Amino acid sequence: MKLDSQTCVVTGSSRGIGSGIATELGAHGANVVVNYRTSEREAYDVVEEIEADGGTAVAIQADVTEGDEVEAMADRVRNAFGSTDVLVNNAGITIDKKFEEMTRKEWDTVMDVNLGGVYNCTNAFFDDLKAADEGRLINISSVVGQQGNYGQANYAATKSGLFGFTRTIALELADSGTTANCVSPGFVQTDMLEKVPDRVQHKIRKRIPLDRFADIEDVAGLVRFLASEDSSYMTGQVFGVNGGMEW
Ligand SMILES: NC(=O)c1ccc[n+]([C@@H]2O[C@H](COP(=O)([O-])OP(=O)(O)OC[C@H]3O[C@@H](n4cnc5c(N)ncnc54)[C@H](OP(=O)(O)O)[C@@H]3O)[C@@H](O)[C@H]2O)c1
């Protein structure tokens, strides 16, 4: 499952799941692009960690909601590493509210990052992925897109949206041999989960058969497999990493 000299762009990889994916891909030989919006220090720490492990990485700032920033990132990636082989659409946010209290702005902001960002990044790297020998588009969804979750109507809508998007792009990419898949994690120990009140975390935990939240590595290992040649006959799929939760 080596990724020797594959160029892999991981959006939102300064922290959380994205940083784990970036270090995992770097440890397996990829040239990794660590994208961030504001967490510059953390992004450079991820690059240092990859380099300390013998890998190659660059940090590139770009807000995924800004098409021109994403296009500029794509140009910088081409200058640094040439064409991109793997895009991991990982950047995502939550703004949790009961639907009846949710403003249109809170709805739109989550749409803009979690789906608008996916549009911008897929669009900017689409030709590269299509031309790659082993091109891979990997979208990070959530079990919340499958089950729904109290207080997350906006977030759940974006994460369900990725299923239809992934299946469609898989069809449109199929004749090039490039694959598109969705990884759908359960609840993972990151800053995003930290924002959830303890009593709610306790309730969620009771719904997980394996009786623990996911570690970042649980998700990163699957992404590394999907990025590799070994997954070349898998496309248009949704892969759950959720400790056995039903959906
Ligand atoms: N944690 C969970 O339980 C869980 C479960 C299922 C799915 N997921 C999904 O996994 C992905 C990562 O979640 P996480 O828990 O690792 O979140 P996190 O710890 O909050 O990290 C979010 C990452 O996204 C980046 N980001 C946010 N907005 C961005 C933007 N506009 N442009 C570029 N980067 C942006 C952040 O960078 P900056 O700090 O620089 O802004 C950060 O690196 C998300 O798509 C999330 O929906 C998470």
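Coordinate-derived values only; no laboratory data. Remember, it's a predicted structure, so these values are computed and weren't measured experimentally.
For the chain, adding -39500 (n - 2.57) for each run of n ≥ 4 DSSP H residues and dividing by the number of residues yields -14000 deg cm²/dmol at 222 nm. Straight Cα distances below 17 angstrom link K97 to the lysines K105, K159, K195, with same-chain residues fewer than 8 positions distant left out.
Compared with the dominant Cα axis of the chain, that is its longest principal axis, helix 216-227 is turned about 40°.
Look at where the Cα atoms of segment 54-81 and of segment 195-247 average out, and the two centres are 27 Å apart. If a/c stays under 1.5 just call it rounded; otherwise compare a/b with b/c (prolate if a/b is bigger, oblate if not). Do that for the chain, with a ≥ b ≥ c from the square roots of the Cα gyration tensor eigenvalues. Rounded is the answer for the chain, as its axis ratio a/c remains below 1.5. Taking a straight line from the alpha carbon of K206, these aspartates and glutamates sit under 14 Å away, with near neighbours fewer than eight places off in the same chain left out: D198, E246. Relative to the longest principal axis of the Cα atoms of the chain, helix 67-81 runs at roughly 40 degrees.
Under a 10 Å cutoff between Cα atoms, tell me which one of L162, L171, L87 has the largest fluctuation in the Gaussian network model of the chain. For the chain, modelled as a Gaussian network with Cα springs under 10 Å, the answer is L171.
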